[in-house]
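The block underneath contains the structure these notes are about, expressed in structure tokens.
The values are calculated or read from the model by the stated rules, or taken from the named source; none is laboratory data. The structure presented is a predicted model; accordingly, all values stated were derived computationally and were not measured. FYI the Cβ positions are ideal-geometry reconstructions off the backbone, even for glycines, and counts take in every protein chain you see. Heads up: the accessible areas ignore ligands, DNA and RNA and are worked out on the full protein's heavy atoms, side chains in. Shrake-Rupley method; radii C 1.70, N 1.55, O 1.52, S 1.80 Å.
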Amino acid sequence: CIRERNNWTCEKCGTQYTPPTNGLQCAHIFGRANKSVRLEPLNAFSLCSGCHSYFTANPLNFAVFVKNKLGDNYEVLNELSRDII
């Protein structure tokens, strides 16, 4: 649903894909192990494999990207991530 939400487009570089494809991935802000936000749409971006790899290797740049994209919703997501299920 994240890929569809973003029209099968990488949210960092803007590359558009035609479904189905493995080239566009769902990247989580808080890892999938965090059950309280695992299925929360705010917790995910569609990223091409190259941008996903870049952010995995550069977590501080990912943090800046996330805060810029989410704005005030970052604090909402952060609070949701602390809920205990």
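Here are some notes:
- Whichever residue in the stretch 9-19 is modelled with pLDDT of 95 or more and open to solvent by 50 Å² or more (accessible area, probe 1.4 Å) and, among such residues, is nearest to Asn73 (Cα to Cα): Lys12
- The listed residues are Ala27, Ala63, Ala33, and the only one of them that is closer than 26 Å to Asp83 by Cα and in contact with a Leu (Cβ under 6 Å, 6 or more places away or on another chain) turns out to be Ala27.
- Residue-level check: of (1) modelled with pLDDT under 95; (2) out of contact with any helix residue (DSSP H, G or I) (no Cβ under 7 Å at 6 or more places or on another chain); (3) over 17 Å from Ile2 (Cα atoms), Arg32 misses just (3).
- Filtered by the rule that a residue be open to solvent by less than 60 Å² (accessible area, probe 1.4 Å) and either at pLDDT below 95 or part of a helix (DSSP H, G or I) (or both), the stretch 46-70 gives Ser49, Gly50, Cys51, His52, Phe55, Phe62, Ala63, Phe65, Val66, Leu70.
- Residue match in the stretch 3-26 (condition: assigned to a strand (DSSP E or B), over 13 Å from the mean Cα position of the chain (by Cα) and of a type outside the set (Phe, Trp, Tyr)): yes
- Filter result for the condition that a residue is open to solvent by less than 100 Å² (accessible area, probe 1.4 Å), closer than 21 Å to Arg3 by Cβ and in contact (Cβ under 8 Å) with a residue 12 or more places away in the chain, over Asn43, Asn22: Asn43
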